[in-house]
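Since the structure comes first, as structure tokens, the remarks are kept for the end.
Any read-out appearing in this document is the output of simple, stated calculations on the displayed coordinates, not a laboratory observation. Just so it is clear, the model here is predicted, and its values are computed rather than measured. Neighbour counts are summed over all protein chains in view; Cβ atoms, including those assigned to glycine, are modelled from backbone coordinates with ideal geometry.
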Amino acid sequence: MPPVFDKDKCIKCGLCVLDCPGYILALDKDKDEIPHVIGKYKRECWHCGNCRISCPSGAVSYEFPLYTLV
Amino acid sequence: MQVTEKTWGKLIEVDVLIMGTGAAGMGAALRAAGLGADVLMAGKGRLESSGCLGGGNDHYMCVLNTDAPFDTRQDFIEFYLKSTLGYTPGMLGEWFDALEPCLRILEEVGTEFRKNPDGSYYRSVGFGQPGAWWLHIANGQSIKRALAKKIRKAGVSVLDHFQITRLYRDGDRFSGCVGFNVLTGEVSAIRCRTGVMALGFQAVRATNNSTHNPYNVWFSPYNTGSYFVLPFDIGAAVMNVDIYNRATLLPKGWGAPGMNGINNMGGHELNALGERFMGKYDPMMENGKRRNQVAGTVQEQVEGNGPPFYMDMRHFKPEDADYLQNVLMPADKATYGDYRQARGIDFKKAPLEVEVSELSLAGFLHTDDRLETPVRGLYAACNFNTFSGSMSGGYASGRYAAETAHEAPMGQLDEADILAEKARILGPMQVGAQGAMSYDEFEEPIRQVMDYYAKFRRNMPGMELALDKLALIETYENRVRAENLHDLMRTHEAFELLQMCRLHLLACLQRRETGRGMYHLADYPALDPKLGKALVMRKVDNEVRYGWGVLPD
Ligand SMILES: Cc1cc2nc3c(=O)[nH]c(=O)nc-3n(C[C@H](O)[C@H](O)[C@H](O)COP(=O)(O)OP(=O)(O)OC[C@H]3O[C@@H](n4cnc5c(N)ncnc54)[C@H](O)[C@@H]3O)c2cc1C
Ligand code: SF4
Ligand code: SF4
């Protein structure tokens, strides 16, 4: 569920961060980072898929927490 | 639109202010801009992705006025008039008249509706409706962005990332709002001639599903009741916040919709004993009223006939099962395909385990036939349910907001009020660490109360006790500390959730019957035909007043 970012595909545009309606993603352009889920807020992901829909380079996939599988 | 920098933030002046950037806000913006109005949309998320439509929708309800059975304006109006929802023929006419123009807009921006070989729309029946009113959408994930592009091109101003925290009135007229940018913390005040309220008719996070993660839910968890709490505070009336609460079935453990497609294509619900039981609860079985499916499943669970519960699609033609799981469901929830893969779900091979979802709170705002609330110049856009209802409600209210803005005066906001609200907004950032609590620590007990006293099975003394416990939680508001702007946003959502739960309980305590809402009352277990009316609630002189089918004085 919280997204996983592929560092080889990500072009660090930040669109996923802007489009996340839960505001749970961060990307520090100064540090030349790829985006990450802010750990403290990872439960606030609605798995809406907006981060992937926004991504121009197909860098986003999803992992589902254990509690969604039981 | 005009923007003035003030010492406390920005003062924005616009003719038509649309609050909310979901399907309803979008319908309103397109209509008002089409009529040449000066329009600003303000919303907490980003226009391209916010609200329930952000990750997709797979069905659009549309009565097309053709020769097909039950496909006319009259059929549509008759169906919705039968309910206790409090609609008038005039309101329903507004909804109906907007259906087709909204369908055209959706097609124009590239929405792919499934067609029959003869080119007509493929349609199916659902929700106990008499006709085949549901059009199927294959590319639901792209609708929000495509509409956003059209709106930005139409010259509508958009204030993204803006959380509205308070509304204002000037005499009997709506005058504007105050809120803050959730990324920068900047406070702005917006004054306007007319406003469209489009903040979403569902308040989520009030109760839990089996996963106890309030964000792992069916509807957008970032809505906690602004559509009701904010207008109620300035004297607008809320309606049906007792019986219009919502629930559905979810894939077990995962907050995704999908029952529209599963039910209306003919899925069978089974209990743990392998029985298809829905015939006991609705003459149309799984494809009847969603309330009956939820209530039926809860009843089976109480009797011990489940869990587990399943939706069985193994009898589908293989191409239908594939269409449902590969096309419709991912169009409804953009991550469905990933979940399906993670779980190894295949409708052709095994039934899908499901659970009863969280219960979210909902209702309407009281309006006249032109969707104007008792606060003049404030129009309600989210009073009709479903995607088409929201977009149509927006489309209709956008028209009246634009037309009235010609004669309406510019709303006045009092600077002292703005400063007081700014202090309230930023207050949680100033709370010291000593004895402080996080927004989660404040919000969890609200769900604890609602889950325990006010879920699918309840009674009057329990709900009264729940109100007392919410009052206790409220006394902790000044201890909630926001360490950053994300926390601040959630803190205000949590404060609103508490007020929303209170409105719901107050309304439920008035309705002494069972059978119209999603819940069962042990002390009033039967339907009371005399209560077949909408319950209207309004604050007058700081006191809550109630009216059955009428606006209380
Ligand atoms: C995953 C999913 C699939 C669905 N599938 C279907 C379907 O196939 N067919 C169908 O008919 N219906 C479907 N629905 C329902 C339908 O999508 C909604 O009824 C409709 O989109 C609601 O639109 P809205 O604009 O009324 O509300 P929302 O989409 O909830 O929009 C409310 C907006 O207000 C903003 N907001 C809220 N509070 C504040 C605040 N305080 N300040 C500023 N902004 C705020 C939010 O950010 C949001 O943008 C589905 C819903 C979901 C969640
Ligand atoms: S799936 Fe939605 S809520 Fe989760 S990180 Fe992506 S955009 Fe945000
Ligand atoms: S949208 Fe895609 S490319 Fe852009 S920052 Fe996010 S993951 Fe990277």
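Looking across the range B:200-224 at every residue that is more than 14 Å from B:S360 (Cβ to Cβ) and more than 16 Å from ligand 2 (Cβ to nearest atom), the one that is surrounded by the fewest Cβ atoms within 10 Å (Cβ to Cβ) is identified as B:H212.
Inside the range A:11-24, can you point out the residues that are away from ligand 1 (no atom under 16 Å from the Cβ) and either touching a strand residue (DSSP E or B) at 6+ places or on another chain (Cβ under 8 Å) or under 17 Å from A:G49 (Cβ atoms) (or both)? Within the range A:11-24, A:L15, A:C16, A:V17 meet the criteria. The listed residues are A:C55, A:C48, and the only one of them that is near ligand 2 (Cβ under 10 Å from one of its atoms), under 10 Å from the mean Cα position of the chain (by Cα) and within 13 Å of another protein chain (Cβ to nearest Cβ) turns out to be A:C55. Determine whether the range A:35-46 contains at least one residue that is among the acidic types (D, E) and either surrounded by fewer than 22 Cβ atoms within 10 Å (Cβ to Cβ) or within 11 Å of ligand 3 (Cβ to nearest atom) (or both). No, the range A:35-46 contains no residue that is among the acidic types (D, E) and either surrounded by fewer than 22 Cβ atoms within 10 Å (Cβ to Cβ) or within 11 Å of ligand 3 (Cβ to nearest atom) (or both).
Would you say A:C20 is in contact with a helix residue (DSSP H, G or I) (Cβ under 9 Å, 6 or more places away or on another chain) and near ligand 3 (Cβ under 8 Å from one of its atoms)?
no
Considering B:V16, B:V63, the condition of being within 30 Å of B:L535 (Cβ to Cβ) and buried (at least 16 other Cβ atoms within 10 Å of the Cβ) is satisfied by B:V63 alone. For the range B:230-261, name all the residues that are outside any loop (DSSP other than H, G, I, E, B) and more than 9 Å from ligand 1 (Cβ to nearest atom). Passing the criteria: B:P231, B:F232, B:D233, B:V238, B:M239, B:R246, B:L249, B:L250, B:P251, B:M259. From the list B:Y244, B:Y227, the lone residue that is buried (at least 23 other Cβ atoms within 10 Å of the Cβ), of a type in the set (S, T, Y) and within 30 Å of B:D170 (Cβ to Cβ) is B:Y227.
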